[in-house]
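The values are calculated or read from the model by the stated rules, or taken from the named source; none is laboratory data. These numbers come from a predicted model, not from an experiment. Neighbour counts are summed over all protein chains in view; Cβ atoms, including those assigned to glycine, are modelled from backbone coordinates with ideal geometry.
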Amino acid sequence: MLIIKKPVQSNQRVGYSLEQHRVGFDRHLKLQNKRARKVIKGRRCGAGALKKIKQSVNNNLEQNMQILYLKKTLESLLLTVVLTLLKGVIGQNFDTATSCTELKKSIFEERVGFSFLFPGAPIQYETFDNCQSYTPLIVNGLPAEPMEFPHMARLGHRTVNPASTEWFCGGTLISKRFVLTAAHCLETPQGEINIVRLGELDFDSETENAKPQDYAVEDYIKHPNFTDPELYNDIGLIKLAEDVGFDRYKHPACLPFEDGYQFDFFIATGWGSTGLAQKSSPKLQKVKLRRFADERCRRVIERGYELPQGFDATTQMCVGSNQTKDTCNGDSGGPILVYHKDYPCMYHVMGVTSVGIVCAKPTVPSIYTRVYHYLDWIKETLAK
């Protein structure tokens, strides 16, 4: 971090411009020529010797001038690069933090007016913060509570004739029009993504405390470096055909402030199967997972057609459990989350469920796409 210890007053002299240096050198040149003439007079040198001495002085001064100019140019260039990089890092986190704070205020803070019970009493306003934490997660996992994960999306393909919907992946709402998911979820054997459901809790119940709504898909974008069948850069965005109206049942998760190495535990959510070769769960599930050392994924994940270079710690996360709990089939594209440090009702989406070896085998991790690595691409895509 660059720290400015003392502010500079507007009339304070902080340095010399190049033009000032040029003026100084001109004065110095005249002085050197004058001194040279005195030396020459004492030695009775001819006109040729005088010319050589003057030329030597001029050459030395010109070289010094060129060195100074180059030094100033390099210093200016270096300062520009440092400030640009610093602005990019700080600006990125500042934008993310600001949008997350504004979202929390719009959803969970309520401004209520009241006054004393007499005629003409002034109306006073007070803000009530309804941001509360949910039941702490237990290691064995359990069904999600109503409104606990309002960013959770389920992705599917819907046909009209015959009328049916195949649900196959998860996703995370991150803005009014965009859902974050895995790139491999956008085109599947069931068909390409054309429907997204938000606000759902239990697909087998119409009486639970939920507000499900289906949204048509306007477009979807794979990361430009995703190349099927490989699962590197396994991240994509879905653009909905209409804006999502935010409420307690449907609103975005925050993008990450950090890369994920600062956390030991994550929350995974999804409607995927609760065991290998089992049906998907009709009710949204949640489970607590732990971050494993990258070296474990390097050892466990074999190189193959999906991951020919093995595990990539820069773009992927190594996460699993020492218990028989995990994400499984149907959870792809869904998030792994951490609680917001200031707002217990909010989450950061740190990873996107990508690929695993088996489901719920203790100490065997799965691989998740590291969202922080793709923040620039996400923001650029949302801004288009």
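For K279, which of the numbered conditions (1) farther than 17 Å from L186 by Cα; (2) touching a residue at least 40 places away in the same chain (Cβ under 8 Å) fails to hold?
Checking K279 against (1) farther than 17 Å from L186 by Cα; (2) touching a residue at least 40 places away in the same chain (Cβ under 8 Å), the one that fails is (2).
Exactly one condition in (1) at pLDDT 70 or above; (2) in a loop (DSSP other than H, G, I, E, B); (3) farther than 30 Å from E230 by Cα is false for S99; which is it?
(2)
Enumerate the pairs (first residue in the stretch 361-379 and surrounded by fewer than 20 Cβ atoms within 10 Å (Cβ to Cβ); second residue anywhere and outside any helix (DSSP H, G or I) and of a type in the set (K, R)) with beta-carbon separation below 9 Å, excluding pairs fewer than 6 apart on the same chain, so at least 6 apart or on different chains.
Between residues of the stretch 361-379 that are surrounded by fewer than 20 Cβ atoms within 10 Å (Cβ to Cβ) and residues that are outside any helix (DSSP H, G or I) and of a type in the set (K, R), the close pairs are P362/K325.
Show the residue pairs meeting these rules: Cβ distance below 8 Å; 6+ apart or different chains; first residue within the stretch 292-315 and of a type in the set (F, W, Y); second residue buried (at least 19 other Cβ atoms within 10 Å of the Cβ).
Final answer for the pair search is F292/C318; F292/V319; F292/G320; F292/P365; F311/C297; F311/I301; F311/C318; F311/I367.
Give me a count of the residues in the stretch 250-275 that are free of Cβ contacts under 8 Å to residues at least 12 places away in the same chain and over 15 Å from M317 (Cβ atoms).
0
I want to confirm something. Restricting to the stretch 329-350 and keeping residues that are among the aromatic types (F, W, Y) and closer than 21 Å to C318 by Cα, which single residue is surrounded by the most Cβ atoms within 10 Å (Cβ to Cβ)?
Checking each candidate, the answer is Y347.
From A268, A241, which residue is buried (at least 18 other Cβ atoms within 10 Å of the Cβ), under 30 Å from T207 (Cβ atoms) and not charged (D, E, K, R)?
After applying the criteria, what remains is A268.
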